[in-house]
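What follows is a short report on a single structure.
The values are calculated or read from the model by the stated rules, or taken from the named source; none is laboratory data. All figures in this text were calculated on a predicted structure; none of them were measured in a lab. Just the protein is used for accessible areas: all its heavy atoms, side chains included, with ligands, DNA and RNA removed. Shrake-Rupley method; radii C 1.70, N 1.55, O 1.52, S 1.80 Å.
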Amino acid sequence: MVQRKLQNCSICTLSSVSLRTGTVNRSPYNTTKGAIVSLTKSMAMELAQYNIRCNTVIPGSIRTEMVMKNRTPEELQQRVQASVPLCRVGEPEEVANLLLFLASSESSYMTGQAVEITGGM
């Protein structure tokens, strides 16, 4: 696999808040999102000796095609107000900024973490 220690290497994976909230008729999706967290934690332990950090991001309701599909903006806002303490949908750029942080040397002491970006869900 890896032959030598590396400098500032990071693997970031994406999961979903549905791993703990569940979603009707989405059991395979929810299961794989939980598996991503487990895989990332295992990889973090295995790859730490090579200076490779592994973390996963767990987004909540983010303004993506999947979240917006089959919902009007009003329906989405109602759902968000009922379940998200910050009462808004997250933006893709907010998730991207978290991923940039995890990939950077600013997070050099973070590995094996599942970081939620959910607006407080």
Rolling a 1.4 Å sphere over the protein heavy atoms, what is the accessible area per residue of the stretch 54-121, to the nearest Å²? 61
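Leaving out ligands, DNA and RNA, and with a 1.4 Å probe, what % of the accessible surface on the chain is carbon or sulfur? Please list the in-between numbers first.
Values: 4270 of 7650 Å².
The C+S portion of the solvent-accessible surface of the chain is 56 percent.
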Quick one: helix 73-83 against the long Cα principal axis of the chain, what's the angle to the nearest 10°, folded into 0 to 90? 70
One finds the C-alpha centres of the stretch 9-47 and the stretch 96-121 to be spaced, in Å, by 14
